[in-house]
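Undergrad: What follows is a structure written as structure tokens; I'll ask about it next.
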Amino acid sequence: MSEPCAYKWPALLVVMRHAQSEANFHREYLEQQESLETHVTVQARDADVRLTSEGERQAREAGRYLREEHGRFDAAYISPYRRTRDTADFAIAALDPAPVKVIEERLRERDFGLIESLTRHGFKTLHPGEWERRKLVGKYYYRPPGGESYPDVNLRVHSFLGTLVREHPGQRVLVVTHSVVVLAFRRLIERLGEEEVLDLDRSNEPKNASLSIYESFPGETIGTGLALQQWNFVPKEAACRT
């Protein structure tokens, strides 16, 4: 009698973008007003930016959805930034039992270096040479001085996927992270190319508190073995109030 096939990958992987932060709210406001402000003004370094009250509600709603639709999680890996840690805390409060929480540096926000906190107008006017270089190189491969490109982030996430394979085969894992990192998961899991990633970034960017849900099954070993079930999904109640 043959042995049953074992899992190679997590049985369930949910990749969640953090809920609305104060910086998200301010940047969206400036863009809607077509403002000439050069900076997104938040009185904290990027790693310490907090959630808005709406963001707290989004995170709680996502947690309730995860409990009702997916039940137990074995582990939660969380970017060390304040907005991701708070998102995870609000979401995990709804889960029973609570998963093991791990703060994971490889899931941190993309480092924007010289252009951190700049608006689009601020980037063009304060650093016109860099703006032209970005247009030449392209958004995907552009690395701002002191910062990271999309492929730089992909390397971090590639390493992290190796951890999931080694430590969580057949388990149920929640990841709470940032928009570019969410896109890196799709890039690596689905073998997407530069244009496919940029098209997602333009037309279907990960929303605040959105869930991207992957499943795998015993015996699957080709590629990552993870199949995308839902992309950029915001639980219904959270979506209709934003």
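The values are calculated or read from the model by the stated rules, or taken from the named source; none is laboratory data. Everything quoted here is computed from the prediction, not taken from an experiment. Backbone-built Cβ (ideal geometry, glycine too); neighbour counts: all protein chains shown.
Undergrad: Looking at (1) hydrophobic (A, V, I, L, M, F, W, C); (2) farther than 26 Å from Pro169 by Cβ; (3) more than 16 Å from the chain's Cα centre (by Cα), which is the only condition Ala59 fails?
TA: If we test Ala59 against (1) hydrophobic (A, V, I, L, M, F, W, C); (2) farther than 26 Å from Pro169 by Cβ; (3) more than 16 Å from the chain's Cα centre (by Cα), just (3) comes out false.
Undergrad: Would you call Arg191 of a type in the set (Lys, Arg), in contact with a Gly (Cβ under 8 Å, 6 or more places away or on another chain) and either at pLDDT 95 or above or within 18 Å of Leu226 (Cβ to Cβ) (or both)?
TA: yes
Undergrad: Considering only the range 112-124, how many residues are surrounded by 15 or more Cβ atoms within 10 Å (Cβ to Cβ), in contact with an Asp or Glu (Cβ under 9 Å, 6 or more places away or on another chain) and under 16 Å from Gly146 (Cα atoms)?
TA: Final tally of qualifying residues: 5.
Residue-wise test of (1) crowded, with 18+ Cβ neighbours inside 10 Å; (2) over 18 Å from Leu13 (Cα atoms); (3) at pLDDT 95 or above.
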position: Tyr29; (1), (2), (3): no, yes, no
position: Glu34; (1), (2), (3): no, yes, no
position: Glu37; (1), (2), (3): no, yes, no
position: Gln58; (1), (2), (3): yes, yes, yes
position: Ala62; (1), (2), (3): yes, no, yes
position: Tyr77; (1), (2), (3): yes, no, yes
position: Ile92; (1), (2), (3): yes, no, yes
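Undergrad: A follow-up question, please. Tell me which helices (runs of 4 or more DSSP H) are completely within the range 1-101 and hold 2 or more residues being farther than 27 Å from Gly147 by Cβ, or say none if there are none.
TA: Output list reads 53-70, 82-92.
Undergrad: Another one. Go through the range 155-203 and report how many residues are outside any helix (DSSP H, G or I) and either within 17 Å of the chain's Cα centre (by Cα) or charged (D, E, K, R) (or both).
TA: Total meeting the criteria: 10.
Undergrad: All but one of (1) more than 19 Å from Glu104 (Cα to Cα); (2) surrounded by fewer than 19 Cβ atoms within 10 Å (Cβ to Cβ) hold for Lys207; which doesn't?
TA: (2)
Undergrad: Next question. Being over 18 Å from Glu194 (Cα atoms) and of a type outside the set (Ser, Thr, Tyr) is the filter here, so list the residues in the range 145-162 that pass it.
TA: Pro145, Gly146, Gly147, Phe160, Leu161, Gly162
Undergrad: Let me ask something else. Kindly indicate which of Ala93, Ala98, Ala88 is in contact (Cβ under 8 Å) with a residue 60 or more places away in the chain and closer than 25 Å to Ala19 by Cα.
TA: After applying the criteria, what remains is Ala88.
Undergrad: Right, another one. Could you give me the residue pairs with C-beta distances under 7 Å whose first residue belongs to the range 164-189 and is buried (at least 20 other Cβ atoms within 10 Å of the Cβ) and of a type in the set (S, T, N, Q), whose second residue is at pLDDT 95 or above and not in a strand (DSSP E or B) wherever it lies, and which are 6+ apart or on separate chains?
TA: Note: pairs meeting the criteria are Thr177/Ser79; Thr177/Thr84; Thr177/Leu107.
Undergrad: Does any residue in the range 106-120 that is in contact (Cβ under 8 Å) with a residue 40 or more places away in the chain and assigned to a loop (DSSP other than H, G, I, E, B) come within less than 6 Å, Cβ to Cβ, of a residue that is crowded, with 20+ Cβ neighbours inside 10 Å and of a type in the set (S, T, N, Q) six or more places away or on a different chain, and which pairs are these?
TA: Arg108/Ser79
Undergrad: Is it the case, given these coordinates, that Ala47 is under 22 Å from Trp231 (Cβ atoms) and of a type outside the set (S, T, N, Q)?
TA: no
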